[in-house]
Amino acid sequence: MDEIKRITELRKELNEHNHRYYVLSDPTISDMDYDMLMKELEALEAKHPEMHDPLSPTQRVGSDINTSFEQVAHIYPMLSLGNTYSIDDVNDWIKRTKTALSGEQFTIVGEMKYDGTSISLIYEHGRLVRAVTRGDGTRGDVVTDNVKTIKSIPLELQGSGWPDMFELRGEILLPWKEFERINAERAFNEEPLFANPRNAASGTIKLLNPAEVAKRNLDAYFYYLLSDNLPYDNHYDNMMAVKSWGFKVSDIMTCLHSIDEVDEFINHWDTARKELPVATDGLVFKVNSLRQQLNLGFTAKSPRWAIAYKFQAERALTQLDFVSFEVGRMGIVTPVANLNPVLLSGTIVKRASLHNEDIIRTLDIHEHDMLYVEKGGEIIPKITGVDTGSRQPGSMSIKFVTHCPACGTPLRRIEGEAAWMCPNKYGCPPQIAGRVEHYVGRRMMNIDGIGEETAQLLYNTGLVTNIGELYDLTREKLLCLERFGEKSADRILQGLKDSLNVTFDRVVYALSIPYVGETVAKKLARAAGDIDTLMSMSAEQLAAIEDIGPRIAESITEYFATPINREIVERLRQAGVQMSMPEESTEGKTDKLGGKSFVISGVFTHHSRDQYKAMIENNGGKNVGSISKKTDYILAGENMGPAKLEKAQKLGIPIIDEDTFLKMIE
Ligand code: IVH
C-alpha cells in the first residue's frame, strides 16, 4: 500500500483508539496491537519527514482530561516509557546504554510495570497538597479529593528526611479482589461491567463524587521521586526512602548487575506476576545512578535511561463454531462468538462477546475462522484477531443480522453508536420477559419466587405480557402453570403483596426506563416527589436535575409519552404500588440556622460532607456551592482549597470549624 496513505490511515485509527482508551476508558484493541500500530506509524514517519505533523499521535501522550476538574501544568512533564515485547530488545538497550556511558559500570533497577492509571502527588513540608492525573503529559486534572480516599497513600508523612517540596509518581490500581467484587455488584445491578482493573481505576479516579471513590478501595504503588533536593544520588535508595515515609513501594524492586540477572528477572516475573494481587502489564528497567540518568537524558517522549518490557497477553487460538445474536432487556442486539472450548488462564472459554457490528467488520471474521481469544486481565474474554492463513476457501464473512432474531422486526442503528437495537419494545419476547425479570429483581421490587425461568414462563403462557399484569396473577392462574404447586404460587402472591411497600425510588428503577439505573432513579424520585409530577416534567426540567443529562431526560419523556407505559403505570397504581415519596417528617427539624447560607469546604473528621449538608438543611440553613458576598459562613474542614480560603478572607466571611458548627446547632 501507498506509504503516505498508510500514514494518514494509521493516524486516524490511532486517534480513534486514543479517544476510546483515554476518554471513554473503553478500548477495543489490546495494548499490544495498539503498540504495533504506533510503531508502524513511527517507522513510516521517520521515513517520510515531509509528512511531519505536530498533532500526530506519535507526538503526544494520550489525553485523559475531563473538563469537570481543575487543570494544572505539571512541574515536570509526565513522559511515557519506550517499550518492547522482546528480551533481546532489552539486552540491546543495556548494550546501547553501556556505550552511551562510555563503558562505565552501571546498576539497573528492575521493577514491576503496574497496570493502572498514573498519578503525580505533590508534597510540601510532609503534607499532600495536590494530586494530578497525567492528562496530556503537560497538564493534568487535579483529583486531590479522590486520591485522598486511597488509604495506602499517606496524607502526612512518617519518618524523616524528605525534601521540603517533592513530586512522587506512581500508579493507582484496583486490586483484583476489589475489581471482582465491584463487577459482581455491577452485574447484580445490571450496570455495564468494567473490562479490566485499569479501566476501573481510571474511571474511578475521575468520578465527581469522592465518597463513591472511597467505596471502591483503590490502592497505589509508587516508582519515581522528583525534587530539586533529592535525599540520595540513586533511584533505588530514593525509593527506599519513599517507602520509609509511608508509601507503598513494591518489594519486587531489585538492583540488577548484569544482562544475565536482567534476563533471569524477566523469566521469573513473566509467570510469578500472576500471583500478585494487582494487575501488571510488564517490567520496567531503570539506570540506578541519577548522575548516569542525567548523562543519558531524554528523547522527546521518554527517558533514555529506562525501558519497559511488556508481557504478552494470554492468548489462545480456537475455531469459531457460530455467531449468535442475543437480545437484551433494552433491545440491544449483541453478537456472541460461540467457540470450540479452549483453556485460557485457567478457565475454559466457550463464548466471547463480539460487542457490536463494527468489531465484526474490523476483524473481518468469516464462518469457521480460527480466532485469537485474549484474556489480558479481563474477565470477559475478547476476540482480538483472526488467523486468516487457516481460513477455509470460500467461507463467507459474518454478516450482522438485519432483523431481530427473536421477533423478526427490522433492526435500527442507535444514533451515534455502533449498536443495533430491536425497536419492537412492546412485542419482542426477550425484551418483555427481561423487563418482568428486572421488575421482580432484588434491588427493584424484590418479589420472591420469580426468577429468569419463571418470568419467561409467565410470558410464554400469556399470563404476564407486561409488568402491570403481574398484579393480575391469582392462585388459580399460577396453579395452572407446569410444575407449580400451592407453595410456590403463595410465595409469589405474598411477594407481590410485599412489593406494595417498596419505596417510590425503587419503583422508578423497576420500570426499566432506558438509561435510568439505580442512582438516576433515586435522584428522579426525590426531585419529582411523585409519579404524576415525573410524568409531566419536560426534558428541560428533567435535565436540570443533578446528574441527569439531556440523553437521559429525553429517554424519560419518550418513555412516559408512550401510551402502553402510561397504562402500565396506571395498573401499578391501582394495584397499590407506591407512586410518591413518603412525606418528610418534621421530626428533628429546627430553625436554629435561620436561613443563613453555608459553603462547605475541606475534609471533616466527625461527620461526612453529606451529613453536614443535611444538618444545615434540617436546621433551617441553606447550602450554596460557591462563595459570594451573600455567603454567611464557611464550614471548613481540613485542607480547604487555597483559592476558597483567599476568597473567604477577602470578603470577610467567617470561617468556622466542625466543632463550632456542631455547637451552633446543639
Ligand atoms: S517510570 C519517566 N515505573 O507506565 C518515566 N512507570 O509507559 C516515568 N508505569 O506513565 C515512569 N509501572 O503510568 C515507571 N515501575 C514503573 C511503572 C510505570 C507502571 C506506568 C506509568 C507510566 C507508564 C509508562
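Summary of values
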quantity	calculated
R0 of 35 Å, Cβ-Cβ distance Glu558-Thr402: FRET efficiency to nearest 0.05	0.90
Cα-based radius of gyration of segment 388-470 once divided by 2.2 N^0.38 Å, which approximates compact folds	1.50
Estimated FRET transfer efficiency (Gln158, Asp228; beta-carbon r; R0 22 Å; 0.05)	0.45
Sulfur and carbon atoms: percent of accessible area, segment 147-291 [1.4 Å]	52 percent
Bins of 10 Å, starting at 0 and running to the largest distance - Cα pair percent for the chain	3, 12, 19, 22, 20, 14, 7, 2, 0, 0
Anchor Lys650: lysines whose Cα lies under 25 Å away (excluding residues fewer than 8 positions away in-chain)	Lys596, Lys613, Lys622, Lys629, Lys630
Cα convex hull of segment 511-666, projected area averaged across orientations, nm²	11.5 nm²
Separation of the Ala544 and Met51 label points, Cα + 7 Å toward Cβ, nm	5.3 nm
CD proxy at 222 nm, helix term only [per DSSP H run n ≥ 4: -39500 (n - 2.57); per residue of the chain; nearest 500]	-10500 deg cm²/dmol
Chain lengthening between Glu212 and His368 when straightened (0.36 nm per residue, less Cα-Cα)	51.7 nm
Cα-projected label distance for Met240 with Thr605, points at 7 Å along beta-carbon direction, nm	3.5 nm
Cα convex hull volume per residue for segment 408-544 (Å³)	129 Å³
Segment 209-271 versus segment 325-375: alpha-carbon centroid distance in Å	38 Å
Kirkwood Rh, angstrom, segment 305-434 [1 / mean 1/r, Cα pairs]	16.1 Å
Spatial separation of Cα centroids for segment 576-624 and segment 157-192, in angstrom	31 Å
Accessible surface, the chain, averaged per residue in Å² (probe 1.4 Å)	50 Å²
Convex hull per residue volume in Å³, alpha carbons only, for segment 277-342	220 Å³
Accessible area (Å², 1.4 Å probe, nearest 10) - Trp420	60 Å²
Amide N of segment 508-537 lying under 15 Å from the label point, which is placed 7 angstrom from the Cα of Arg573 along Cα→Cβ	508, 529-537
Quarter of the Cα convex hull surface for segment 232-344, i.e. its orientation-mean projected area (nm²)	12.9 nm²
Segment 439-496 - Debye-derived log10 I(q)/I(0), Cα point model, q = 0.25, 0.31 Å⁻¹	-1.10, -1.71
Qualifying trypsin sites (Lys or Arg not before Pro) for segment 336-366 [loop in DSSP, other Cβ within 10 Å: at most 12]	none
Accessible carbon and sulfur surface of segment 537-643 relative to its total accessible area, %, 1.4 Å	49 percent
Segment 558-621 - Rg and Dmax from Cα coordinates, angstrom	19.6, 51
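The values are calculated or read from the model by the stated rules, or taken from the named source; none is laboratory data. For clarity, every value in this text was computed on a predicted model and none was experimentally measured. When we count neighbours, we look across all protein chains shown, and the Cβ atoms used for this are built from the backbone with ideal geometry, even at glycine. Just the protein is used for accessible areas: all its heavy atoms, side chains included, with ligands, DNA and RNA removed. Shrake-Rupley method; radii C 1.70, N 1.55, O 1.52, S 1.80 Å.
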